[in-house]
Amino acid sequence: MMQIIKFKLFFLIILFSVSFFRLSAFEKFIISANYFENDQISDTSKPYLNYSLKGKEDAKKYYKHLGQFSTCFLTSFLMPPAGFITTLAVSVSKPQIHHLGIPYEKKELLLNKEYMDSYIKAARKRKFLLSWAGFFTGTAFFSGGFIMTGYTPDYFFKK
């Protein structure tokens, strides 16, 4: 009985912490929803000469989401054909707004269309590369596991 109570308490703590961090991430980027819904362009307080270049630099610096790598790695490690399909789907999708990683200090740049377009383009490129890296790494681990256990290509393809 005590183990069940400990498990429920542990589960509630994990559930609360996950929902708390999701809520804070959502609140941080709620301002950027205006960009996608209304497609507004506004003046920013900091004058940059080239907003597209600034967006690319910030994407390289702040976009650190590794969910696509781990998803593609796990699916291709467990079953490479399913991993290939998953990688295709993940690599062509647009990064979700709460995974962009733009700091709250740069909230005024979120409403600049040129900045956001270049940031999303660079984040999409990084997401594409990470998803395919996860696929190839998972497939290599899958193949390495077969080779370590003694299975060779001759075992699968002999007549």
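Data for the structure
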{"read-out": "Gain in span if fully extended, K121 to K158, counting 0.36 nm per residue against the direct Cα distance", "value": "8.7 nm"}
{"read-out": "Computed FRET value (nearest 0.05) for H99 with F141, which takes r as the C-beta separation and R₀ as 22 Å", "value": "0.30"}
{"read-out": "Violating pairs (Cα-Cα greater than 18 angstrom) within the set K61/K121; K54/K94; K61/K107; K64/K113", "value": "K54/K94; K64/K113"}
{"read-out": "Using θ = phi - 60° and Karplus 6.51 cos²θ - 1.76 cosθ + 1.60, couplings along the range 77-84 (whole Hz; Gly, Pro as x)", "value": "5, 7, 7, x, x, 5, x, 5"}
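Read-outs: derived from the displayed coordinates by stated rules, not from any lab. This one's a predicted model, so the numbers in the text were calculated from it and none came from an experiment. All Cβ positions, glycine included, derive from the backbone under ideal geometry; neighbour counts span all protein chains shown.
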